[in-house]
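What follows is one structure encoded as structure tokens, with my remarks underneath.
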Amino acid sequence: MTDAAIVVFTGRGRNQILREGGSQAWALNAQRARKCSYLVCTQNHPGEEWATPEAPQGSGFLVGKIMGVEPSAEGEDRWHIRISEYAPIDIPDLWDGGRNPVRYTTLEALGIDPSTLNFEPMPEPDAPSSGASAPAFDPSGSIPPLSIAAAKRGLAAYFGVGLDAIEITIRG
């Protein structure tokens, strides 16, 4: 197995990454990302409402074994790096300070020996089962508006099919 890795500088903490089945909403080269074996998460404290940081700024906090790179439901041309197993790490100042929040490297270059990590299986991500039905509409207003393109990307990623396999019909 190669030690090729994607390092991300993320505002999401470990618990959110585990709930979502990986790290997402990345603008990256999906073809190149799919050649990597590992995801290394470093913590960003962006000061945004959506952020859920749990580790010190710039520190490495998680290594995951990549099982797929799929379109993210969080934006056009954004990707979700799905992981099958993870190992918590605590490496201060692992982020190199680069302006791009995605970087391609190797575990060796980062000083991480995968044989010393205790990988655990990922918990089931927070997502409805494939047979679950959703409410016809959301009276509470808790579901944000979604474009057709974003819905198609999310459904394609969820069901593991191409965008051309998703058809959406809206009846008024």
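The values are calculated or read from the model by the stated rules, or taken from the named source; none is laboratory data. Remember, it's a predicted structure, so these values are computed and weren't measured experimentally. In this analysis, Cβ positions are derived from the backbone assuming ideal geometry, glycine residues included, and neighbour counts consider all displayed protein chains. Accessible surface areas use protein heavy atoms only, side chains included; no ligands, DNA or RNA. Shrake-Rupley method; radii C 1.70, N 1.55, O 1.52, S 1.80 Å.
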Practice problem: With the convex hull built on the Cα atoms of segment 1-69, state its orientation-averaged projected area in nm². | Solution: 4.6 nm²
Quiz prompt | Carbon + sulfur, % of accessible area of the chain - ligands and nucleic acids excluded, 1.4 Å | solution = 50 percent
Quiz item: Heavy-atom accessible area per residue, the chain, 1.4 Å probe: how many Å²?
Solution: 59 Å²
Self-check item: Helix 148-159 vs. the chain, principal-axis angle (Cα, 0 to 90°, nearest 10)
Solution: 60 degrees
Exercise. Quick one: which residues, 5 or more positions from residue 67 or on another chain, have an amide H under 5 Å from its amide H? H modelled 1.01 Å from N in the peptide plane, none for Pro or chain starts.
Key: 82, 83, 84
Self-check item: Overall Cα dimensions of the chain - principal axes, largest extent first, Å
Solution: 57, 34, 29
Self-check item: Ranked by how many other beta carbons lie within 10 Å on average, peptides 160-167, 69-76, 105-112, 5-12 from highest
Solution: 5-12, 69-76, 105-112, 160-167
